[in-house]
Amino acid sequence: MFRWKLPDWYDRWKKDNPVTLGSLTGPIILFLVGFSAWIAAIALIVWYNWAQPESLQTGPRGAGMSVPNLAGLDAPDKSIEAYYTEEAYTPEAGEDLAKDVYENVQVLGDLTDANFTRLMLAMTEWVSPEQGCAYCHNEENLADDDVYTKIVSRRMIQMTRNINENWDGHVGETGVNCYTCHRGQNVPSGIWFKIAPQLEAASGWAAVQNYATDQSVSTSLPHDALEKLLLEDGQINVHDLEPRVPGSTADVGELASIQDTERTYSLMNYFSHSLGVNCTFCHNTRAFYDGAQITPQWATAYQGIDMVQEMNQEYLVPLRDTYPANRLGPMHEDAPKAACNTCHKGYNKPMMGLPMLSDWPELAAEGPPEYE
């Protein structure tokens, strides 16, 4: 039978170098240290891949179009826990309507009495959970319009319905309701007022930048960007392939000035902060000018800009004379206005995409709601 035999030199070496525990101490320690380091490295890799958030791919692979650092977006929005909702009551034939039961119901009159009351209670929880019905109503005469918040809330219901009916390209089927902005507060966070100029002692362009404000997210950028671009119709552009000099092919109409460009950067920085994303959420940053390389989110954001302009111009600014002095802006006594952060509050989808119309078809559009 064949048996494996070690070489003679190994037998001689073994006789001259007997193995003892002491002689193995060094190799054993080295082995244990090396093995422990290997285990630690494996554990670190596993932890890193498990604990670190994945990026959100927004464009073609290899183009760097992704949103990294999603730690904040992965954290649950705490306001979701406090959201009050209640399933709608399916109307039955012959039920009384709110406009026939109550006086001076100028909106929501086509709802049944049960659903009208249900929505009023929800609005109380969404906007004034501490004050209750008295925040908007004279409790001795609910039809009275003397309480200014009732006038404002009536207009806000109309605005909400308009957003859900005509701006579905931005809000989608998720929609919005009062809680989207208010989150249990009388006055939503993220509203803004006109604040320019801040540096009255300075002259020229310095008077609207180099000053830390919420509108510019504390950057050295113009703090009138929301006023010029989300209230007025200023130019939002920074990048093309043509020289912007008189006589060039780009010299068609009004050229974007350096100030317009800086305002655009300020607005984009505000967008990024409000949604918790970076530039590549909407843009291929190596080709801002090329509409073929943008992401679908760009179109959604573009509609959002137009939507906010309409909200401010048609609904919010005209309420200026309805508000008491303490609700107006500190510098220009202007009405509070909305922008991206009013709804998004740091998430790329408000309330992390929680459906806001599933139980509230009454706010989906003007006229009688469609119950399913």
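Values quoted throughout were computed directly from the atomic coordinates according to the rules given, and no laboratory measurement underlies them. Everything numeric here is computed off the predicted structure, so don't read it as measured data. Cβ placement follows ideal geometry from the backbone for every residue including glycine, while neighbour counts extend to all protein chains displayed.
Remarks
- Volume per residue that the Cα convex hull of segment 287-372 spans, once the total is divided by residue count, Å³: 191 Å³
- Using distinct alpha-carbon pairs, which all enter the 1/r mean, Kirkwood radius of segment 95-193 in Å: 14.5 Å
- This ranking places Trp126, Trp38, Trp360 by how few other beta-carbon atoms lie within 10 Å of each, fewest first, which gives Trp38, Trp126, Trp360.
- J(HN,Hα) series, segment 115-125, from Karplus relation 6.51 cos²θ - 1.76 cosθ + 1.60, nearest Hz, glycine and proline x: 6, 5, 5, 4, 5, 4, 5, 5, 4, 4, 5
- Across all Cα atoms of segment 268-308, the radius of gyration (one decimal) and Dmax (whole number) stand at 10.1, 28 Å.
- Start at zero, step by 5 Å, and the Cα-Cα distances of segment 124-178 spread as 4, 19, 21, 19, 14, 12, 8, 2, 0 percent across the bins.
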